[in-house]
Amino acid sequence: MGNASSMLTQYDIEEVQEHCNYLCESSAVSQQEIVALYERFCQLDRSANGFISADEFLSIPEFSLNPLSQRLLKMVDGLNFTDFVAFLSAFSPKASIQHKIESIFRVHDIDGKGRVTLKDLLEVLRDLTGSFMSEEQRKVLCTPCSFNFFCHF
């Protein structure tokens with residue numbers, strides 16, 4: 001699987017599925033989905049080096065238009081195929097709630113220290129609202145009292 005242009009074997013498919021099952025604690029990705037994702041991965045991997053770069057991810061219109069795309073790029077830049085499938089598995093309806101929460105948490109944990117701080121939340125809100133909300137409005141929305149509300153869902 002090192003070369004993106006190589007064929008995907010049954011062993012490769014099972015290995016990717018096992019990796020995703022280990023991470024997700026459920027079978028969030030079927031073998032058919034892995035084959036389809038491999039075809040998409042090869043299309044995105046224009047350099048055929050077995051990894052998808054940030055520029056290659058930005059070639060996906062839906063990705064580049066996402067207000068959180070720059071934050072997501074930090075998570076996906078340089079993914080190999082196995083990691084690509086593991087990343088996307090969080091978006092599967094079959095993914096466990098725990099896997100989905102952990103993935104969302106990583107998007108919001110800007111500094112990667114294992115906790116979402118008020119600063120992290122303000123930065124995400126800034127990305128999402130742009131000029132439609134003032135900094136003062138964001139701070140009011142994210143006061144410590146409001147922040148406690150967000151942490152306890």
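The values are calculated or read from the model by the stated rules, or taken from the named source; none is laboratory data. What you see is a predicted model; the values in this text were computed from it and never measured. FYI the Cβ positions are ideal-geometry reconstructions off the backbone, even for glycines, and counts take in every protein chain you see. The accessibility values were calculated without ligands, DNA or RNA, using every heavy atom of the protein model including side chains. Shrake-Rupley method; radii C 1.70, N 1.55, O 1.52, S 1.80 Å.
For the chain, the relative contact order comes to 21 percent (Cα pairs under 8 Å, sequence separation of at least 6). Of the trypsin sites (Lys or Arg not before Pro) found in the range 86-149, those that fall in a DSSP loop while having at most 14 other beta-carbon atoms within 10 Å are K94, K113, R115. Taking label positions 7 Å along the Cα-Cβ direction at both K94 and L72, the computed distance is 2.2 nm, reported to one decimal. Which of T117, T143, T82 moves the most in a Gaussian network model of the chain with Cα springs under 10 Å? For the chain, modelled as a Gaussian network with Cα springs under 10 Å, the answer is T143. Over the chain, all Cα pairs binned in 5 Å intervals from 0 give whole-percent P(r) values of 1, 9, 15, 18, 18, 15, 10, 7, 5, 2, 1, listed from short to long. Taken about its Cα centre, the chain carries a charge dipole of about 600 debye when Lys and Arg each add +1 at the Cβ and Asp and Glu each add -1 at the Cβ.
Per-atom-type breakdown for the chain gives carbon and sulfur 60% of the accessible area (1.4 Å probe, protein chains only). The calculated 222 nm mean residue ellipticity attributable to helices in the chain amounts to -18000 deg cm²/dmol, summing -39500 (n - 2.57) over DSSP H runs of n ≥ 4 and dividing by all residues.
Report the residue, chosen from S103, S69, S92, that carries the largest GNM mean-square fluctuation when the chain is represented by alpha-carbon nodes joined by springs under 10 Å. Of the options given, S92 has the highest mean-square fluctuation. With a cut-off of 13 Å between beta carbons, the residues surrounding F41 carry a summed charge of -4, where Lys and Arg count +1 and Asp and Glu -1. Helix 118-129 sits at what angle to the longest principal axis of the chain, using alpha carbons and giving 0 to 90 degrees rounded to 10? Taking the Cα atoms of the chain, the angle to 118-129 is about 80 degrees.
As an exercise, use a Förster radius of 30 Å and the Cβ-Cβ distance of E135 and D55 to find the FRET efficiency, rounded to the nearest 0.05.
According to the calculation, E is roughly 0.45.
For the chain, with every protein chain kept in place, what is the accessible area per residue (1.4 Å probe, Å²)?
Ligands and nucleic acids excluded, the result is 61 Å² per residue.
For the range 11-95, the Kirkwood hydrodynamic radius comes to 13.2 Å, computed from all pairs of different C-alpha atoms. Springs join every pair of Cα atoms under 10 Å in this Gaussian network model of the chain, and among Y38, Y11, Y22 the largest mean-square fluctuation is at Y11.
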